[in-house]
Amino acid sequence: MRAGGPGWKRRLLHRRGSRASPGYARLRRLVHERTGLDLEAYKERFIERRVAIRVRATRHEKLGDYLRYLSRSVARWSGSCAA
């Protein structure tokens, strides 16, 4: 199933309890470690929307796939964080 297929957003933004999935917590930590940007000041939905856009733009289906993609290259961080 491709990223833009039916139900992609529901799958991507799957929530557990009142906080986003552990993948979003990992993303927040990675961004903070690599850029110094603290995403905790941003509303959860804002981060989810921005990440969903980046996941689609890079043609990944899942947040985990996108995180692995980012982990492979530090050079991607400057472009990904600016989007």
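The values are calculated or read from the model by the stated rules, or taken from the named source; none is laboratory data. Small disclaimer: the values here were computed from a predicted structure and weren't measured. A quick note on method: Cβ atoms are made from the backbone with ideal geometry, for glycine too, and the neighbour counts reach across all protein chains shown.
Yes/no matrix, rows are residues, columns are (1) at pLDDT below 85; (2) surrounded by 13 or more Cβ atoms within 10 Å (Cβ to Cβ); (3) assigned to a helix (DSSP H, G or I):
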residue	(1), (2), (3)
Gly5	yes, no, no
Arg10	yes, no, yes
Glu48	no, yes, yes
Leu67	no, yes, yes
Trp77	yes, yes, yes
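Of the residues in the stretch 27-43, none is at pLDDT below 90, aromatic (Phe, Trp, Tyr) and in a helix (DSSP H, G or I).
Contact map, the stretch 55-83: first residue over 15 Å from Leu27 (Cβ atoms), second residue at pLDDT 80 or above and β-branched (Val, Ile, Thr), Cβ cut-off under 9 Å, separation 6 or more or different chains; pairs are Glu61/Val55; Ser78/Thr35.
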